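Have a look at the structure below before the remarks.
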Amino acid sequence: MSGLKVGDSFPEGVTFTYVKPEGDLNVTACGIPIKYDASKEFKDKKVVIVAVPGAFTPTCQEQHLLSYLNHLDDLKAKGVDQVIFIASNDAWVMSAWGKANGISDEKILFMSDSGLEFSKIIGWIKGDRTLRYAIVVDHGKVVYADIDDVPKSIAKSGAEGVLAKL
């Protein structure tokens, strides 16, 4: 598959791993990673998936995540139930990234696309990392999907770009 297009059904069998937030912002409190059945969960929610090349990397940290933190209420007002950041980092690194940014609950989930399994299915990878992209799934259907093809740009995958398409 080469990407996802508006109108496509979200693929079956997609899972991510994450450490469920439990209110503790201590980045050294590891937790136990669990599977998240995205295909099942997305059937009854409106979800924004945000893929980043890596947790704690400059553009991802300084621009990408910040855009979603600043516009979370705007996304909720447009009916978004969940924002999920994914990267090739493991679930512990993703959890630590959320905690380092003050996320102690499920307002934004930080998950691992372990082995790039999902990103490979849709063909949106570069080497051993995901491309920078956003996908909006509304009750199992893709309503937005795009890649930022300009280095360091979040024009299409940042919160502002996604909000403009909702």
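The table for this structure:
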{"read-out": "Assigned charges on the beta-carbon of Lys, Arg, Asp, Glu; the chain dipole about Cα centre (debye)", "value": "260"}
{"read-out": "Protein accessible area in segment 1-87, 1.4 Å probe - carbon and sulfur %", "value": "53"}
{"read-out": "Distance (nanometres) between label positions extended 7 Å along Cα→Cβ at SER9 and ASP44", "value": "1.8"}
{"read-out": "Computed [θ] at 222 nm, helices only, for the chain once each DSSP H run of length n ≥ 4 contributes -39500 (n - 2.57)", "value": "-6500 deg cm²/dmol"}
{"read-out": "In order through segment 115-129: 3J(HN,Hα) via Karplus (6.51 cos²θ - 1.76 cosθ + 1.60), integer Hz, x for Gly, Pro", "value": "x, 6, 4, 6, 4, 5, 4, 8, x, 9, 10, 9, x, 9, 9"}
{"read-out": "Pair GLU160, LYS126: separation of 7 Å Cα→Cβ label points (nm)", "value": "2.1"}
{"read-out": "Beta bridges by DSSP in segment 56-148, antiparallel share as percent, to the nearest 5", "value": "60"}
{"read-out": "Accessible area in the full protein assembly, largest first, 1.4 Å probe, for LEU65, LEU131", "value": "LEU131, LEU65"}
{"read-out": "[x] -0.65; [y] -0.31; [z] -0.55, with the label sought being that of the calculated log10 I(q)/I(0) by the Debye sum over Cα atoms at q = 0.10 Å⁻¹", "value": "[y]"}
{"read-out": "Using alpha carbons only: equivalent-ellipsoid semi-axes of segment 1-69, gyration tensor based, whole Å", "value": "25, 19, 11"}
{"read-out": "Per residue accessible area in Å² of the chain, where ligands, DNA and RNA are left out and the probe is 1.4 Å", "value": "47"}
{"read-out": "In Å, descending, principal axis extents of the Cα set of segment 78-166", "value": "31, 31, 27"}
{"read-out": "Proximal aspartates and glutamates relative to LYS78, as straight alpha-carbon distance under 13 Å, when same-chain residues fewer than 8 apart are discounted", "value": "ASP138, GLU160"}
{"read-out": "Accessible surface of VAL142 - all protein chains present, 1.4 Å probe, nearest 10 Å²", "value": "0"}
{"read-out": "For segment 85-102, Karplus couplings with θ = phi - 60° (6.51, -1.76, 1.60), whole Hz, Gly/Pro x", "value": "8, 10, 7, 6, 4, 6, 4, 5, 5, 4, 4, 4, 5, x, 4, 4, 9, x"}
{"read-out": "Listed pairs LYS120/LYS165; LYS5/LYS46; LYS46/LYS165; LYS40/LYS107 exceeding 23 Å between Cα atoms", "value": "LYS120/LYS165"}
{"read-out": "Cross-link table LYS76/LYS99; LYS45/LYS156; LYS20/LYS152, entries beyond 26 Å C-alpha to C-alpha", "value": "LYS20/LYS152"}
{"read-out": "Listed residues SER67, TRP97, GLY79: farthest to the positive end of the dipole of segment 51-143 (Cβ charges)", "value": "SER67"}
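The values are calculated or read from the model by the stated rules, or taken from the named source; none is laboratory data. Model, not experiment: these values are computed from the prediction. For neighbour counting, all protein chains shown are included, and Cβ atoms are generated from backbone atoms with ideal geometry for every residue, glycine included. Keep in mind that these areas ignore ligands, DNA and RNA; they rest on the heavy atoms of the full protein, side chains included. Shrake-Rupley method; radii C 1.70, N 1.55, O 1.52, S 1.80 Å.
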